[in-house]
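The structure appears below as C-alpha cells.
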Amino acid sequence: MTKASLVDYIAENADLTKADAARALDAMLEGVSKGLKKEGKVTLVGFGTFTAKKRAAHTGRNPQTGEPVKIAARVVPGFKAGSKLKDALN
C-alpha cells in the first residue's frame, strides 16, 4: 500500500476529503517523528510501539574493496507490533 492509497482509504472510511485525509496522515507521521525525537517512544495501544534505538559506532566493510569502513553512531527507529495488529494478520 502506498501513501496515496492510504490517503484514499482514510478519506473514504473517515468521510473526509482527500486533502483533509492527507493532512491528517501527515500530522500523524510528524507527531510520531517528533515524539520519537523528544521522548524516544510512541505507543499506540493495540497497534504497536515505535522506539528510538541507539546504535553504537562500529566498523563495517566496503563490499567492493573489502576495506574496513568506520560507521558512526546513530539513532534508528524501531517498531514492535501490538497484539491487535498481530491478530489482524493471522
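Residue-by-condition table, conditions (1) touching a Phe, Trp or Tyr at 6+ places or on another chain (Cβ under 8 Å); (2) assigned to a helix (DSSP H, G or I); (3) surrounded by 12 or more Cβ atoms within 10 Å (Cβ to Cβ); (4) of a type outside the set (D, E, K, R):
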site	(1), (2), (3), (4)
Asp8	no, yes, yes, no
Leu16	no, no, yes, yes
Asp20	no, yes, yes, no
Ala24	no, yes, yes, yes
Lys34	no, yes, no, no
Thr51	yes, no, yes, yes
Gly60	no, no, no, yes
Lys84	yes, yes, yes, no
Asp87	no, yes, no, no
Open item on the list: Cβ-Cβ under 9 Å, sequence separation 6+ or interchain: first residue in region 25-42 and within 26 Å of Ala11 (Cβ to Cβ) and in the same structural domain as Lys3 (by TED's automatic domain parsing), partner in a strand (DSSP E or B) and among the basic types (Lys, Arg). Which pairs?
Closed with: Gly35/Lys41
Open item on the list: Just the residues that are among the aliphatic types (A, V, I, L, M) and over 19 Å from Ala81 (Cα atoms), please, taken from region 44-67.
Closed with: Ala56, Ala57
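The values are calculated or read from the model by the stated rules, or taken from the named source; none is laboratory data. Please read all numbers here as calculations on a predicted model, not as lab measurements. Methodologically, a virtual Cβ is constructed for each residue, glycine included, from the backbone with ideal geometry; neighbour enumeration extends over all protein chains shown.
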